[in-house]
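Novice: My questions will all concern the structure given below.
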Amino acid sequence: MSRIKDLQKNLFGGTTSNARQFGMIFTLVAIILLFEVWTGGLTLTSGNLIAVVSQYSYILILSIGMLMVIVAGHIDLSVGSVAAFTGIVVAKAMQEFSLPWPVGILVGLAVGALIGAWQGFWVAYIGVPAFIVTLAGMLLFRGGNQYIGNADTVPVPEGFRSIGAGFLPEIGPNTGYNNLTLLLGVAACVAVVWRELRARQTRHEMQADVAPVWISGLRLVVMVGVIIFATLRFAGGRVGTSLPISGIILIALVLAYSYYTRNTIGGRHIYAVGGNARAAELSGVKLKRVNFMVMMNMSILAALAGMIFVARSSASGPQDGLSWELDAIAAVFIGGAAVSGGLGTISGSIVGGLVMALLNNGLQLKGVGSDMVQIIKGLVLLLAVAFDVYNKSQGRFSILGSLMRPFRRDDPGQPLDRSLSTSDTDKAPIAG
Amino acid sequence: MTVDSTLLEMRSITKTFPGVTALEDVNLVVRSGEIHAICGENGAGKSTLMKVLSGVHPHGTYTGQIVYQGDEVRFSNIRASEQAGIVIIHQELALVPGMSITENIFLGNEPRRRGSIDWKAAQRRALELMEQVGLREDPDTLIKDIGVGKQQLVEIAKAFAKEVKLLILDEPTAALNEADSQHLLDLLRGFRERGITSIIISHKLNEIAAVADTITILRDGRTIESLDVKADGVNEDRIVRGMVGRELHSRFPDHTPDPGEVFFEVRDWTVRHPISTERLVCKGSSFTVKRGEIVGFAGLMGAGRTELAMSLFGRSYGVYLGGRVFKDGKEIQLRTVAEAIEHGLAYVSEDRKAIGLNLLDDIKTSMVAAKLSKISTHGVIDQVEEHRVAEEYRKSLRVKTPSVDEGVTKLSGGNQQKVVLAKWMFTDPDLLILDEPTRGIDVGAKYEIYGIIQRLADQGKGVIVISSELPELIGLCDRIYTVFEGTITGDVARGDADPELLMKQMTSTKKIPTP
């Protein structure tokens, strides 16, 4: 009994202690297992996993920025158009002026920053709701894409394609695996173990309750196990393939932005603005600057996503990025962010994005038509959020709350925790 | 005109909220065709009593009896009381700004003909009603295009459209200028001639003394007395005595004040209302604070105390028109909240939940929120330090929680207030402005908060306490400024402060020389 409680509290309590995310991890695992069985083992093959990563990495990159936008209490509908616009500008620039591809990437990021500054200006300094500004941006930059590209596709040079379709090189002895991917896997395992030890030490320094050793051990076994499995799958594909470059970019961004949102003043301010803008303002938070930066950052990430997509499909076209904003927004909400702002985590959004990606992928592997895929995705989004809303209105906090109720006597009362990098201590509601 | 028959009798009404008794055995007798005033300090129970009467607090949620026109009534909602002819007009007007006068008058009460709204009849009836309340406007004018005074009249016309027998006005003149107030009072006298009964709740005692026939005084949720204005020869002083006549218990920790030099001074601070361009919320206010001094700001609701504090704190309220601020003899600029914090100001707001706290936060996050730079290097927050700081405040302020990782919503009001105090103490302020620091807090927690305020003063910090509770100010403060309609009307030293004197200065612009 108490072990189940400890487990629930601590196993996933590390970075994603929000109970909704815990539920989403269950869902993700369930979806993977379901399709693994249903497709006769196709889902977890090397080839398929590599395809999923390179096919969905740009949506996941968008959902990082979207999470911050939504936490701050806004929305960005323009990301697909911004991505397409950046793609065509970069492709055109490299074609017309024969720019080297690294310069092309810098141009793309600059375009994203400029667009972001434009949208941020209207949202933060004029006070036009982000919904309207980005709805206008959606039209503006879609039109811009077609204007610049003459509604035609523009190819991109070979080197540029590596950020979307590239793999790590094969070096070192022939192990039958991609050696660099193996190295990354080892590094990830070491990092996970080190972080767990650090976390325990930090809790110790805080004189807070440290999770029982067996919990830490179990958590490490699970996480290291997942990493080893993934490493072998990604490293063991067709010769010449590995973890895709776009996947590496994604992982780097997830780590960087998770750290930023959790551990820095800037990140804290985004949550403060979304949680209670007036209170944040009266605490000295520069509201306008936070809103501006959040919108600008989103457009830069949209530009990056656009370039990765163009690189993968080796040309920029007028239909690029169509309805990406909806996928990104869905990922963020499935991942536990609050519609009213102030709540949500990067890791949650990534899990939410992966749920959508694997659902998509699995249904496609089964040959389900895109009509049904859309219907199912729509229902999943609705049910995920509805469950949570319903549970909140019942005074409980999450899907998990209702899943675990038979095992538990005390009030779940999971705190809305996001800033903690270590396990939670005992929860008991306080009165008086 | 008959003023003999009883229209309404509320008998021993008791209403409790979780943890608080808002009304205890309250009696109210209103005769037909009179103007009946209800007076009392903020929180005395006036509004709660009217909510019981109008069915906002439905029958069954209170104990006691309401007898109206000779029969016992049990209203289950506002609609039921309105059908009986009892209409309440709240301080915040319930009008739709984007609709016309006619549309507002008949909102929810539209004259119908064969299923659709009969606008012709509505128009005609609206003109009649507007005539009755002395409102000369085109009935198609939008509400947002007329002044507050006229909006008030539209509300009354709306009440008339429902065939009102008993009109209740909650602070009807609080937002009005002198001329509009006068018109409204004349109107009430006119209604009396026509046999319409009114209940008026107001802080403006001069108006009440002038217009009311009977005055019922509430204090701490009890009926204190009912005065017949003419027979008892009631004047403002008499009302004040009834409102504040309360013993000061030893509700305050022992403290020996030791104020130092004046270190903070505000001169001619003038601010206008954020929307209404004519209304000044601070009219050339000047005041000083000494090191280690606890300075009170007394005033009734809407007097402009919060507006003064928030406009000082980084111009967080209204539009700054003029005024200078000096600290330690040097002029300082307080254009943004960040600047104000930098100069050592801290403002603890009167509404913790709406603007004081992020309710999604946990305790430790809230405590450090106003000065994250103190626990950060290069923008990265040291979470061990954050936890340590929070633990320190948890112990020193005795916040009742098993862990600083708890969400702030799980705390009681008193403990939430301690978290907010910690948040501002963490910024190392020289001057703390505490706006209603004990609102909605039980007696025990109040005592602790007083102790914290006194400790802050002993550390040489200046503390400004804004409070609507006179006993609190008298018990706690070394000096009290009184504020009335945006003007500082008095500066009363600790020894001279008594409730009657303060109440007089809080309800009149005339400066009364301190004895």
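Novice: For region A:184-290, please list each of the helices (runs of 4 or more DSSP H) lying entirely inside it that holds at least 2 residues being within 14 Å of chain B (Cβ to nearest Cβ).
Specialist: A:245-263, A:265-275, A:277-282
Novice: Under the condition of being in a loop (DSSP other than H, G, I, E, B) and surrounded by 17 or more Cβ atoms within 10 Å (Cβ to Cβ), which residue from region B:316-342 is nearest to the other protein chains (Cβ to nearest Cβ)?
Specialist: Only one residue fits best here, namely B:SER316.
Novice: Can I ask one more? Of all residues being among the polar types (S, T, N, Q) and not in a loop (DSSP other than H, G, I, E, B) in region A:132-178, which is surrounded by the most Cβ atoms within 10 Å (Cβ to Cβ)? Just the residue, please.
Specialist: For region A:132-178, the residue satisfying everything is A:THR134.
Novice: Among the residues of region B:179-189, are any in a loop (DSSP other than H, G, I, E, B), in contact with a strand residue (DSSP E or B) (Cβ under 6 Å, 6 or more places away or on another chain) and either surrounded by 15 or more Cβ atoms within 10 Å (Cβ to Cβ) or among the basic types (Lys, Arg) (or both)?
Specialist: For region B:179-189, residues in a loop (DSSP other than H, G, I, E, B), in contact with a strand residue (DSSP E or B) (Cβ under 6 Å, 6 or more places away or on another chain) and either surrounded by 15 or more Cβ atoms within 10 Å (Cβ to Cβ) or among the basic types (Lys, Arg) (or both): absent.
Novice: Same structure, new question: Would you check if B:GLY40 is touching a strand residue (DSSP E or B) at 6+ places or on another chain (Cβ under 9 Å) and surrounded by fewer than 22 Cβ atoms within 10 Å (Cβ to Cβ)?
Specialist: No: the conditions fail for B:GLY40.
Novice: Examine region B:459-466 for a residue that is small (Gly, Ala, Ser), more than 23 Å from B:GLY299 (Cβ to Cβ) and crowded, with 19+ Cβ neighbours inside 10 Å, and state whether such a residue exists.
Specialist: Checked region B:459-466: no residue is small (Gly, Ala, Ser), more than 23 Å from B:GLY299 (Cβ to Cβ) and crowded, with 19+ Cβ neighbours inside 10 Å.
Novice: Any chance region A:8-21 includes a residue that's assigned to a helix (DSSP H, G or I) and either modelled with pLDDT of 90 or more or surrounded by fewer than 17 Cβ atoms within 10 Å (Cβ to Cβ) (or both)?
Specialist: Checked region A:8-21: no residue is assigned to a helix (DSSP H, G or I) and either modelled with pLDDT of 90 or more or surrounded by fewer than 17 Cβ atoms within 10 Å (Cβ to Cβ) (or both).
Novice: Which condition does B:ILE453 not pass, out of (1) surrounded by fewer than 21 Cβ atoms within 10 Å (Cβ to Cβ); (2) more than 9 Å from chain A (Cβ to nearest Cβ), if it passes all the others?
Specialist: Only one criterion is unmet by B:ILE453, namely (1).
Novice: Restricting to region A:309-339, what's the tally of residues that are in a loop (DSSP other than H, G, I, E, B) and farther than 22 Å from A:GLY137 by Cα?
Specialist: So the answer is 5.
Novice: To continue, here is another question. Taking region B:351-370 as the search range and keeping residues that are surrounded by fewer than 19 Cβ atoms within 10 Å (Cβ to Cβ) and in a loop (DSSP other than H, G, I, E, B), which one is nearest to the other protein chains (Cβ to nearest Cβ)?
Specialist: Among residues in region B:351-370 that are surrounded by fewer than 19 Cβ atoms within 10 Å (Cβ to Cβ) and in a loop (DSSP other than H, G, I, E, B), the one nearest to the other protein chains (Cβ to nearest Cβ) is B:LEU359.
Novice: Next up: Give me a count of the residues in region A:26-37 that are farther than 15 Å from A:VAL355 by Cα and either touching a helix residue (DSSP H, G or I) at 6+ places or on another chain (Cβ under 7 Å) or crowded, with 20+ Cβ neighbours inside 10 Å (or both).
Specialist: 0
Novice: Go through (1) within 14 Å of another protein chain (Cβ to nearest Cβ); (2) farther than 30 Å from B:GLY344 by Cβ; (3) in a helix (DSSP H, G or I) and name the single condition A:GLY306 misses.
Specialist: Failing condition for A:GLY306: (1).
Table: residues versus (1) surrounded by fewer than 16 Cβ atoms within 10 Å (Cβ to Cβ); (2) assigned by TED's automatic domain parsing to the domain that holds B:ILE452; (3) not in a helix (DSSP H, G or I).
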residue: B:GLU385; (1), (2), (3): no, no, no
residue: B:ARG388; (1), (2), (3): no, no, no
residue: B:GLU391; (1), (2), (3): no, no, no
residue: B:LYS395; (1), (2), (3): yes, no, no
residue: B:LYS400; (1), (2), (3): yes, no, yes
residue: B:SER403; (1), (2), (3): no, no, yes
residue: B:THR409; (1), (2), (3): yes, no, no
residue: B:GLN416; (1), (2), (3): no, no, no
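Novice: Quick check on region A:309-329: of everything there that is among the polar types (S, T, N, Q) and surrounded by fewer than 24 Cβ atoms within 10 Å (Cβ to Cβ), which residue is nearest to the other protein chains (Cβ to nearest Cβ)?
Specialist: This residue is A:SER323.
Novice: If you go through region A:204-250 one residue at a time, how many are among the β-branched types (Val, Ile, Thr), surrounded by fewer than 17 Cβ atoms within 10 Å (Cβ to Cβ) and out of contact with any Cys (no Cβ under 8 Å at 6 or more places or on another chain)?
Specialist: 5
Novice: Follow-up question, since we're still on this one. Quick one: is B:VAL67 in the same structural domain as B:VAL29 (by TED's automatic domain parsing), closer than 28 Å to B:VAL148 by Cα and in a strand (DSSP E or B)?
Specialist: No; evaluated as a whole, the condition is false for this residue.
Novice: Can you list residue pairs whose Cβ atoms sit under 8 Å apart, with the first residue in region B:179-194 being more than 13 Å from B:VAL133 (Cβ to Cβ) and assigned by TED's automatic domain parsing to the domain that holds B:ALA212 and the second being hydrophobic (A, V, I, L, M, F, W, C) and in a loop (DSSP other than H, G, I, E, B)? Count only pairs 6 or more apart in sequence or on different chains.
Specialist: B:ARG192/B:MET1; B:GLU193/B:MET1
Novice: Let me ask something else. Out of (1) under 23 Å from the mean Cα position of the chain (by Cα); (2) over 28 Å from B:HIS273 (Cβ atoms), the odd one out for B:ILE433 is which?
Specialist: (2)
So that you can scan it fast, the table gives a plain yes or no per residue for (1) of a type outside the set (A, V, I, L, M, F, W, C); (2) in contact with a helix residue (DSSP H, G or I) (Cβ under 7 Å, 6 or more places away or on another chain); (3) surrounded by 15 or more Cβ atoms within 10 Å (Cβ to Cβ):
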| residue | (1), (2), (3) |
| --- | --- |
| B:GLY33 | yes, yes, yes |
| B:SER47 | yes, no, yes |
| B:VAL67 | no, no, yes |
| B:VAL73 | no, no, yes |
| B:GLN83 | yes, no, no |
| B:ILE88 | no, yes, yes |
| B:ASN104 | yes, yes, yes |
| B:GLU128 | yes, no, no |
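Novice: Go through (1) in a strand (DSSP E or B); (2) over 17 Å from B:LEU28 (Cβ atoms); (3) not polar (S, T, N, Q) one by one and return the number of the condition B:LEU93 breaks.
Specialist: (1)
Novice: Surrounded by fewer than 20 Cβ atoms within 10 Å (Cβ to Cβ), modelled with pLDDT of 95 or more and not charged (D, E, K, R): is that true of A:LEU106 in this structure?
Specialist: So A:LEU106 passes the test.
Novice: Could you please let me know if A:GLY336 is at pLDDT 90 or above and of a type in the set (Gly, Ala, Ser)?
Specialist: Considered against the rule, which asks whether it is at pLDDT 90 or above and of a type in the set (Gly, Ala, Ser), A:GLY336 comes out as no.
The values are calculated or read from the model by the stated rules, or taken from the named source; none is laboratory data. Computed from a prediction, not measured in an experiment: that's the story for all the values here. Neighbour counts are summed over all protein chains in view; Cβ atoms, including those assigned to glycine, are modelled from backbone coordinates with ideal geometry.
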